[in-house]
Amino acid sequence: MRSGDRLVRCGQGHTHWGRYGAAGLLPYADGHVLLQHRAKLTIGGGTWGIFGGARDRDEPSVDAALRETAEESTLDTAEVTVHGVMREDHGGWSYDTVLATVPSLLVVEPASWESKDAAWVPVDAVADHDLFPPFAAAWPRLRPVLRRPVLVVDVANVMGSRADGWWRDRAGAAARLRDEIAAIDGLTGMAPFDVAYPERVLVVEGRARDIGAGDTSVRVVAAPGDGDDQIVATVAEATREPGVPCLVVTADRALKARVRAEGAEVTGPRWLLNQL
Ligand SMILES: [Zn+2]
């Protein structure tokens, strides 16, 4: 028994598994999501849901979802890129769906008594399956956010909105900002996710052009000319694929209108700086 393995009653009067809440993983690859065919003797036996289970005391939902998936299936969680968490809060109990992508339709087998099967199901065919009722209820909200979101940062604009001496050393200040953005664990306020782990793209220009990515996982794009033109081009590239949410961080009014026309959402530098 683990610390969270217990039935509890939520604020809405239901009985749920998981003293500290529960979490599950919804991996996406190439137009498919990975579903678990639940074994007969589980709650909702015979239906299709996602791999997951009870969170341990103080266990982050991302860790719990990956741990449970690794216990119940052969999915190699090292191949999983987490891109967001969506919470279903019942008051005193919550279920966190951890949305993620894997690079391809990896072969996945069931690996515990709770799983009868594991299958990559085409997104369009999910609703045709006999779904585990809580997953069926959540699916309409999850379906539009299966793709990893992209965060595009107007570095010159964000840098200019804090007085840290950037005017003396633009490249140094841009590299500092890059490292701080790379160090953020999860971003809050990137709707509709409760916590988002977007691909982070920093657009740099002028004297900050050559900073590169350093040893971080952020992507740094150097504008060959005008920074705004590069940001618009970067957004257009991200939103070309349907279903990829894109958020641009800038306070530049003209640029805001241009990126909104490309399908991006916009937020101001303060939102990002508050999370560093
Ligand atoms: Zn409930």
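The values are calculated or read from the model by the stated rules, or taken from the named source; none is laboratory data. Since we're looking at a predicted model, the values are computed, not measured. Cβ atoms come from the backbone with ideal geometry, glycine included; neighbour counts cover every protein chain shown. All accessible areas refer to the heavy atoms of the entire protein, side chains included, with ligands and DNA or RNA removed. Shrake-Rupley method; radii C 1.70, N 1.55, O 1.52, S 1.80 Å.
Side notes on the structure shown:
- Flag for Ile231 being farther than 17 Å from Lys256 by Cα, out of contact with any Leu (no Cβ under 6 Å at 6 or more places or on another chain), touching a residue at least 40 places away in the same chain (Cβ under 8 Å) and open to solvent by less than 40 Å² (accessible area, probe 1.4 Å): no
- Exclusive hit being within 16 Å of the ligand (Cβ to nearest atom), without any contact (Cβ under 8 Å) to a residue 12 or more places away in the chain and closer than 27 Å to Asp194 by Cα, set Ala137, Ala125: Ala137
- Of all residues in segment 3-40, those satisfying the criterion of being in contact with a strand residue (DSSP E or B) (Cβ under 8 Å, 6 or more places away or on another chain), more than 16 Å from the ligand (Cβ to nearest atom) and over 21 Å from Val82 (Cβ atoms) are Asp5, His37, Arg38, Ala39, Lys40.
- Only one entry in Ser104, Ser112 is closer than 20 Å to Ala22 by Cβ, away from the ligand (no atom under 16 Å from the Cβ) and not assigned by TED's automatic domain parsing to the domain that holds Glu199, namely Ser112.
- Hey, Ala125 modelled with pLDDT of 95 or more and more than 25 Å from Thr81 (Cβ to Cβ) or not: no
- Residue check: Leu106 meets all listed conditions (1) surrounded by fewer than 20 Cβ atoms within 10 Å (Cβ to Cβ); (2) out of contact with any Asp or Glu (no Cβ under 7 Å at 6 or more places or on another chain); (3) not hydroxyl-bearing (Ser, Thr, Tyr) but one, namely (2).
- On inspection, Ala39 fails the criterion of being open to solvent by less than 40 Å² (accessible area, probe 1.4 Å), modelled with pLDDT of 95 or more and among the hydrophobic types (A, V, I, L, M, F, W, C).
Listed here are the residues, each with its yes/no results for (1) under 21 Å from Met1 (Cα atoms); (2) touching a Gly at 6+ places or on another chain (Cβ under 7 Å); (3) modelled with pLDDT under 95.
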| residue | (1), (2), (3) |
| --- | --- |
| His16 | yes, no, yes |
| Ala22 | yes, yes, no |
| Tyr28 | no, no, no |
| Trp48 | no, no, no |
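- For segment 234-250, a residue qualifies if it is of a type outside the set (Val, Ile, Thr), part of a helix (DSSP H, G or I) and surrounded by fewer than 18 Cβ atoms within 10 Å (Cβ to Cβ), and the qualifying residues are Ala236, Glu237.
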